[in-house]
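The values are calculated or read from the model by the stated rules, or taken from the named source; none is laboratory data. Note that the coordinates shown come from a computational prediction; the quantities given were computed from them, not determined experimentally. FYI the Cβ positions are ideal-geometry reconstructions off the backbone, even for glycines, and counts take in every protein chain you see. For accessibility, only protein heavy atoms count, side chains too; no ligands or nucleic acids. Shrake-Rupley method; radii C 1.70, N 1.55, O 1.52, S 1.80 Å.
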Amino acid sequence: EAQVTQNPRYLITVTGKKLTVTCSQNMNHEYMSWYRQDPGLGLRQIYYSMNVEVTDKGDVPEGYKVSRKEKRNFPLILESPSPNQTSLYFCASSYKSWAYEQYFGPGTRLTVT
Amino acid sequence: QKEVEQDPGPLSVPEGAIVSLNCTYSNSAFQYFMWYRQYSRKGPELLMYTYSSGNKEDGRFTAQVDKSSKYISLFIRDSQPSDSATYLCATETGGGNKLTFGTGTQLKVEL
């Protein structure tokens, strides 16, 4: 089954404790992206990757890091999480650079206290 | 001003009604226009996309883009309770790198 998986699905952590949210896709997609979704603000892009070792900032990259060492994986790293990073996070992927046809993962709900 | 504006709703309609969901955008460079559907506690899924102005139909769904007025619409005919979800409009400049989403309209179709 073609899918995007994220882990963990739910995470409660404390300020400053480094964490990684994993994202993996099995569709051989070149393009992958991370979003956060907040009430009243909608989905906002954090980082995206056009291919292995190629990443770029989205609209809200501050406080986040990403890496793309393998085509299927695109982890999101929060080096020092803060409460304003409490949000619902989605990973997405698409074929080549067809960003309009993105497949989204199930989401990771992160709470930073 | 947000690049893509969308009424958050909620919008409540009876089963069988025709639903009209709308977005406006400000950047004339946008070329691709998408509608995503998001069920509660799920990730968004692509419903349909259009390129430039015009209409596109897929079953009970019709997407319409008017670039002259920077207006995007999604029509749902014969709405069903299973259509109850949040509908997100999105745009993309054609460079293929980035989507800009509206905040979503919550739709409830009641029996």
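Here are the numbers for the structure shown:
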item	result
Qualifying strands (runs of 3 or more DSSP E) (wholly inside region B:3-62; at least 3 residues being open to solvent by 50 Å² or more (accessible area, probe 1.4 Å) and touching a residue at least 60 places away in the same chain (Cβ under 8 Å))	B:11-14
Selection status of B:Ser73, modelled with pLDDT of 95 or more, more than 10 Å from chain A (Cβ to nearest Cβ) and closer than 19 Å to B:Ser28 by Cα	yes
Residue check for A:Tyr48: within 14 Å of chain B (Cβ to nearest Cβ), in contact with an Asp or Glu (Cβ under 7 Å, 6 or more places away or on another chain) and part of a loop (DSSP other than H, G, I, E, B)	no
Restricting region B:76-90 to residues that are more than 9 Å from chain A (Cβ to nearest Cβ) and assigned to a strand (DSSP E or B), the residue that is farthest from B:Tyr39 (Cα to Cα)	B:Ile76
Single condition B:Ala63 does not satisfy, out of (1) more than 14 Å from every other protein chain (Cβ to nearest Cβ); (2) within 30 Å of A:Thr5 (Cβ to Cβ)	(1)
Filter result (assigned to a loop (DSSP other than H, G, I, E, B), in contact (Cβ under 8 Å) with a residue 40 or more places away in the chain and either of a type outside the set (Val, Ile, Thr) or open to solvent by 60 Å² or more (accessible area, probe 1.4 Å) (or both)) within region B:94-108	B:Gly94, B:Gly102, B:Gly104
